[in-house]
Amino acid sequence: MRIVGGKVIVCSPGRNFVTVKLETEDGIYGLGDATLNGRELAVASYLGDHVLPLLEGRDARRIEDIWQFLYKGAYWRRGPVTMTAIAAVDAALWDIKGKALGVPVYQLLGGASRDAVLVYGHASGGTIDETVDAVGRYVAAGYHAVRAQCSVPGLTDTYGVGRGDHYEPAVRTQLHEPRWSSTRYLNFVPSLFERLRAVFGPDLHLLHDVHHRLTPIEAGRLGRALEPHHLFWMEDPTPAENQESFRLIRQHTTTPIAVGEVFNSIFDCHRLIEDESIDYIRTTVVHAGGISHLRKIASLAELHHVRTGSHGATDLSPVCLAAALHVDLSVHNFGIQEYMPHAADTDRVFPHAYRFEGGVMYPGDTPGLGVDIDEELAATFPYQRAYLPVARLTDGTVHDW
Ligand code: GCO
Ligand code: MG
């Protein structure tokens with residue numbers, strides 16, 4: 001089954017997405033998400049200028065071989081641009097294999113290990129009262145797990161606090177540089193979760209994203225302060241270039257720790273996993289080398305009591321979400337999947353078989369990934385340059401985002 005063509009589709013139905021479409025000699029095609037928020041065109045060029053010409057004529061059935069060919073063959077390894085490009089090709093090949101064999105991808109990955117995929121939604125508010133209301137709306141919609149973020153008094157534009165229930169961090173106009181204070185944040189956040197627990201009781205899973213903003217010892221303090229409110233996880237407590245940092249957090253708190261949405265390979269997290277200094281690994285299909293590589297990370301994690309918790313913000317396209325759901329359903333050590341519904345225009349451009357129902361998701365049984373792209377409609381939404389905000393401390397120093 002030779003690959004006879006491929007293209008990169010860049011569109012912006014609500015936000016920017018980069019999608020790879022690979023075509024085979026028998027007319028079957030596969031899709032892969034290649035979106036790297038704020039740096040989209042770099043991946044589009046990597047794929048269109050350098051990768052797709054190499055795929056012409058190769059056997060689409062040899063997924064692992066093509067993965068190794070693109071990874072080892074480039075000489076330049078890892079990094080977000082390379083690994084996102086490889087991920088897109090990998091997902092498209094799994095999509096093709098599923099379609100060729102007439103089965104959904106999760107069946108190729110060992111079949112379902114569970115009935116459905118537990119997901120968490122994003123609640124946020126400008127005040128604690130607003131955040132309580134937002135969490136309440138998710139509970140009413142059937143969610144069993146909710147991430148809660150709240151504006152920090154004295155700071156404008158706190159990370160993760162959206163307008164309405166749809167949060168989109170990338171800004172299409174000028175670059176945004178909001179100010180940040182870890183002191184104010186640390187003094188405030190425990191009161192948010194004290195209130196949420198008092199209102200919603202012990203059974204609702206509550207999550208929180210720190211977005212890499214604290215030092216390890218500050219993160220230890222936050223984790224300890226949140227212990228009475230038993231969070232499902234504290235996400236990205238500190239930047240993770242230095243994997244050893246997490247040992248210190250671990251020594252100070254029993255609050256479960258999740259990290260990994262910016263990781264690109266198993267080499268970014270193997271020490272964290274082997275040291276058992278985290279509880280959830282958040283790597284996902286599009287930024288960590290595709291379905292093939294994500295499964296290897298999940299297998300390593302399984303040995304060390306670490307469960308998966310894949311990134312699933314709106315900048316990961318429906319093609320990535322579909323692929324993630326197939327992995328989630330099949331791996332034994334699945335933990336939870338992040339789910340932010342996409343804009344209506346995004347869903348129209350990417351019709352899909354996956355569905356949300358009662359706090360869980362199902363990838364569906366359509367052969368392959370179960371997601372398509374309406375190329376004509378996509379062409380009516382041209383790319384629009386957009387950037388993530390850059391955080392600065394109150395004195396103007398650039399801070400971790
Ligand atoms: C999350 C993330 C997102 C990211 C965004 C970056 O937990 O969902 O932190 O909000 O900021 O996906 O591209
Ligand atoms: Mg996050």
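Just wondering, is there one or more residues in segment 135-146 that are within 16 Å of ligand 2 (Cβ to nearest atom) and not in a helix (DSSP H, G or I)? Yes; the residues of segment 135-146 include at least one that is within 16 Å of ligand 2 (Cβ to nearest atom) and not in a helix (DSSP H, G or I).
Assess whether LEU192 counts as being touching a residue at least 40 places away in the same chain (Cβ under 8 Å) and not in a loop (DSSP other than H, G, I, E, B).
Numbers: touching a residue at least 40 places away in the same chain (Cβ under 8 Å): yes; not in a loop (DSSP other than H, G, I, E, B): yes.
Taking the combined requirement at face value, the residue satisfies it.
Is there a residue being open to solvent by 30 Å² or more (accessible area, probe 1.4 Å) and either touching a residue at least 12 places away in the same chain (Cβ under 8 Å) or outside any helix (DSSP H, G or I) (or both) anywhere in segment 82-93? Give the derivation first.
Applying the first criterion (open to solvent by 30 Å² or more (accessible area, probe 1.4 Å)) to segment 82-93 yields none.
Taking every residue of segment 82-93 in turn, none turns out to be open to solvent by 30 Å² or more (accessible area, probe 1.4 Å) and either touching a residue at least 12 places away in the same chain (Cβ under 8 Å) or outside any helix (DSSP H, G or I) (or both).
The set of residues from segment 203-217 being within 16 Å of ligand 1 (Cβ to nearest atom) and under 17 Å from TYR120 (Cα atoms) comprises HIS205, LEU206, LEU207, HIS208, ASP209, VAL210, HIS211. ALA324 - would you say it is within 15 Å of ligand 2 (Cβ to nearest atom), in a helix (DSSP H, G or I), in contact (Cβ under 8 Å) with a residue 40 or more places away in the chain and buried (at least 19 other Cβ atoms within 10 Å of the Cβ)? Spelling it out, ALA324 is indeed within 15 Å of ligand 2 (Cβ to nearest atom), in a helix (DSSP H, G or I), in contact (Cβ under 8 Å) with a residue 40 or more places away in the chain and buried (at least 19 other Cβ atoms within 10 Å of the Cβ). Scanning segment 299-319 for residues that are among the aliphatic types (A, V, I, L, M) and open to solvent by 10 Å² or more (accessible area, probe 1.4 Å) gives LEU300, LEU303, ALA313.
Of the residues VAL18, VAL8, which single one is in a strand (DSSP E or B), in contact with a Gly (Cβ under 7 Å, 6 or more places away or on another chain) and crowded, with 16+ Cβ neighbours inside 10 Å? Don't jump to the end; show me each part of the working.
Working: VAL18 fails: in contact with a Gly (Cβ under 7 Å, 6 or more places away or on another chain).
The conditions single out VAL8.
State which residue is nearest to ligand 1 (Cβ to nearest atom) when the search covers only segment 218-239 and only residues that are part of a loop (DSSP other than H, G, I, E, B) and surrounded by fewer than 21 Cβ atoms within 10 Å (Cβ to Cβ). Steps first, please.
Residues of segment 218-239 that are part of a loop (DSSP other than H, G, I, E, B), as a first pass: 230-232, 236-239.
Checking which are surrounded by fewer than 21 Cβ atoms within 10 Å (Cβ to Cβ) leaves us with 230, 239.
Values: HIS230: 20, PRO239: 13 Å.
Ranking the candidates gives PRO239 first.
Residue-level analysis places ASP315 outside the set of residues that are in the same structural domain as PRO169 (by TED's automatic domain parsing), assigned to a helix (DSSP H, G or I) and of a type in the set (D, E, K, R).
Would you be able to say whether some residue in segment 40-55 is open to solvent by 10 Å² or more (accessible area, probe 1.4 Å), outside the structural domain of THR346 (by TED's automatic domain parsing), under 15 Å from ALA92 (Cα atoms) and of a type in the set (Ser, Thr, Tyr)? No.
Report, by residue number, each residue of segment 133-144 that is crowded, with 20+ Cβ neighbours inside 10 Å and either more than 22 Å from the chain's Cα centre (by Cα) or within 15 Å of TYR362 (Cα to Cα) (or both).
Step one: filter segment 133-144 for residues crowded, with 20+ Cβ neighbours inside 10 Å, giving 134-135, 138, 143.
Passing the criteria: only TYR143.
In the set ASP347, ASP279, ASP275, which member is open to solvent by 20 Å² or more (accessible area, probe 1.4 Å), outside the structural domain of GLU40 (by TED's automatic domain parsing), within 16 Å of ligand 2 (Cβ to nearest atom) and in contact (Cβ under 8 Å) with a residue 24 or more places away in the chain? Working first, answer last.
Numbers: ASP347 fails: within 16 Å of ligand 2 (Cβ to nearest atom); ASP275 fails: within 16 Å of ligand 2 (Cβ to nearest atom).
Going through ASP347, ASP279, ASP275 in turn, the sole match is ASP279.
The residue that is farthest from ligand 2 (Cβ to nearest atom), counting only those in segment 247-265 that are farther than 23 Å from ALA225 by Cβ and surrounded by 19 or more Cβ atoms within 10 Å (Cβ to Cβ), is SER265.
So in segment 282-298, with the set limited to residues that are in a loop (DSSP other than H, G, I, E, B) and more than 15 Å from ligand 2 (Cβ to nearest atom), which one is surrounded by the fewest Cβ atoms within 10 Å (Cβ to Cβ)? Don't jump to the end; show me each part of the working.
Step one: of segment 282-298, the residues in a loop (DSSP other than H, G, I, E, B) are 282-289.
Then drop every residue that is not more than 15 Å from ligand 2 (Cβ to nearest atom), which leaves 285, 289.
On the way: VAL285: 34, GLY289: 29.
Among residues in segment 282-298 that are in a loop (DSSP other than H, G, I, E, B) and more than 15 Å from ligand 2 (Cβ to nearest atom), the one surrounded by the fewest Cβ atoms within 10 Å (Cβ to Cβ) is GLY289.
Would you call ASP268 open to solvent by 30 Å² or more (accessible area, probe 1.4 Å), within 16 Å of ligand 2 (Cβ to nearest atom), in the same structural domain as ARG224 (by TED's automatic domain parsing) and in contact with a strand residue (DSSP E or B) (Cβ under 6 Å, 6 or more places away or on another chain)? Taking the combined requirement at face value, the residue does not satisfy it. For first residues located in segment 373-401 and assigned to a helix (DSSP H, G or I), partners that are open to solvent by 80 Å² or more (accessible area, probe 1.4 Å) and lie 6+ apart or on another chain with Cβ distances below 7 Å form the pairs LEU377/ARG348. Listed by first and then second residue, the pairs with beta-carbon distance under 6 Å, at least 6 apart or on different chains, first residue in segment 41-61 and free of Cβ contacts under 8 Å to residues at least 12 places away in the same chain and among the β-branched types (Val, Ile, Thr), second open to solvent by less than 80 Å² (accessible area, probe 1.4 Å) and not in a helix (DSSP H, G or I), form an empty list.
Residues in segment 180-189 that are open to solvent by less than 30 Å² (accessible area, probe 1.4 Å) and in a helix (DSSP H, G or I): SER182, TYR185, LEU186, PHE188, VAL189.
The values are calculated or read from the model by the stated rules, or taken from the named source; none is laboratory data. A quick note: this is a predicted structure, and the numbers were derived from the prediction, not measured. Cβ sites come from the backbone with ideal geometry, for glycine too, and all protein chains shown count toward neighbours. These accessible areas exclude ligands, DNA and RNA; they are computed on the full protein's heavy atoms, side chains included. Shrake-Rupley method; radii C 1.70, N 1.55, O 1.52, S 1.80 Å.
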